[in-house]
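Right, one structure below, let's go through it.
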Amino acid sequence: MKQPKPILKYVLVSIFFTLPLILFFSIQLRKPEKELIRIRPGYTSYDYYIQRQLNKTLNPRLRTIWMTRDWDRKIKVFSRFFQDLKRQGLLSNDSKCLCVGARVGQEVEALKRVGVNDSVGMDLVPYPPLVVKGDFHHQPFDDETFDFEFSNVFDHALYPDKFVGEIERTLRPGGLCVLHVALSTRSDKYSANDLYSVDALVKLFRRSEVVHVRNVDGFGLDTEVVFRKKRDSSILVRS
């Protein structure tokens with residue numbers, strides 16, 4: 001018996017439209033999403049990206065909060081983090097430290113209060129004497145300057161590979177990098193990337209090895225990842 005033409009046409013049209021969707025979703029399921037770092041859309045130029053970050057850093061209301069209500073609270077929390085790292089032997093009073101993306105410098109002040117006096121912060125907007133001006137994609141420091149670098153602004157990096165590359169460039173061999181990142185929640189509206197797993201972060205640190213990964217409660221960031229720069233590292237990656 002012949003199949004009616006309208007039914008045959010309907011079947012063919014259905015296959016035509018559904019097959020690409022099936023293929024798309026099958027690819028997505030095979031895609032190792034846990035290893036991805038997603039760059040958020042909308043940054044049409046580097047200048048636009050910088051201006052957007054400055055919109056947050058220079059926001060008068062936020063700066064007032066950072067320097068008043070948040071000041072002591074954040075210093076106490078950062079101090080506990082740094083004291084714990086000292087107990088683990090990952091930080092000492094003799095360490096030369098940099099806080100990347102430090103805004104008004106609560107983490108720098110915390111380091112000084114726990115005895116690590118040779119500490120400085122870096123941000124797009126300086127806040128003397130705690131924070132100097134600098135772009136974390138292009139740190140204004142010489143190679144192998146610091147023993148220890150801390151940051152909780154990885155999500156603000158438009159170029160995560162450059163962010164990490166500059167940390168590895170300015171760390172001394174054997175130096176430590178401590179990052180606080182968000183994995184289980186998405187970060188704020190000024191973030192430039194979303195991190196989906198520690199694996200993706202580890203792959204960026206080409207000259208370092210993982211010391212530990214642990215859960216933390218750090219102002220919306222839930223994971224601490226510590227890296228140690230390899231002492232025999234000899235390949236300098238520049239961009």
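The values are calculated or read from the model by the stated rules, or taken from the named source; none is laboratory data. None of the values given here were measured: they were computed from a predicted structure. Here the Cβ positions follow ideal geometry from the backbone for every residue, glycine too, while neighbour counts run over all protein chains shown. To get the accessible areas, we keep the full protein, side chains included, count just its heavy atoms, and leave off ligands, DNA and RNA. Shrake-Rupley method; radii C 1.70, N 1.55, O 1.52, S 1.80 Å.
Got the relative contact order for region 102-184 handy, in percent, Cα pairs under 8 Å and 6 or more residues apart?
Working: 126 pairs, mean separation 20.6, N = 83.
Relative contact order of region 102-184: 25 percent.
Dipole of region 118-176 (Lys/Arg Cβ +1, Asp/Glu Cβ -1, origin at the Cα centre): which of SER151, TYR127, GLY165 lies farthest to the positive side?
Selected residue: TYR127.
Under the Karplus relation 6.51 cos²θ - 1.76 cosθ + 1.60, θ = phi - 60°, what is the ordered set of whole-Hz ³J(HN,Hα) values for region 126-141, x standing for Gly and Pro?
Using θ = phi - 60°, the values come out as x, 9, x, x, 7, 10, 9, 7, x, 9, 5, 7, 8, 4, x, 10 Hz.
Name the trypsin sites (Lys or Arg not before Pro) in region 165-197 that are in a loop by DSSP and that have at most 15 other C-beta atoms within 10 Å, would you?
On the way: sites: ARG169, ARG186, LYS189; in loops: ARG186, LYS189.
Here the sparse-neighbourhood loop sites are ARG186, LYS189.
If amide H atoms are built 1.01 Å from N in the plane of the peptide, which residues on other chains or at least 5 residues away come under 5 Å of the amide H of GLY121?
Residues meeting the amide H criterion: CYS99, VAL131, VAL132.
I need the phi-derived Karplus couplings for region 153-168: 6.51 cos²θ - 1.76 cosθ + 1.60, θ = phi - 60°, integer Hz, Gly and Pro marked x.
10, 3, 5, 8, 7, 6, 10, x, 5, 6, 4, 5, x, 6, 5, 5
How much net charge surrounds SER191 when only the other residues with a Cβ under 12 Å from the Cβ of SER191 are counted, with Lys and Arg +1 and Asp and Glu -1? Numbers along the way, then the final one.
Details: positive: ARG38, ARG40, ARG52, LYS56, ARG186, LYS189; negative: ASP155, ASP188, ASP194.
Combined, the nearby Lys, Arg, Asp and Glu give +3.
What number comes out for accessible area per residue over region 131-239 if the probe is 1.4 Å? Units Å², please. Don't skip to the end; give the middle numbers.
On the way: 4660 Å² over 109 residues.
Computed with neighbouring chains in place, this is 43 Å² per residue.
So, R0 is 41 Å and r is the distance between the beta-carbons of ASP143 and ILE65; what FRET efficiency does that work out to, to 0.05?
For R0 = 41 Å, the calculated efficiency reads 0.65.
Net charge near VAL164, counting Lys/Arg +1 and Asp/Glu -1 over other residues with Cβ under 12 Å of its Cβ?
Net charge around VAL164: +2.
Could you please state how large a percent of the accessible area of region 148-200 is carbon and sulfur, counting protein chains only and using a 1.4 Å probe?
Ligands and nucleic acids excluded, carbon and sulfur reach 49 percent.
Using amide H atoms built 1.01 Å from N in the peptide plane, name the residues 5+ places from ASN193, or on other chains, whose amide H lies under 5 Å from its own.
Those qualifying (amide H under 5 Å, at least 5 residues apart or on another chain) are ARG40, ALA157.
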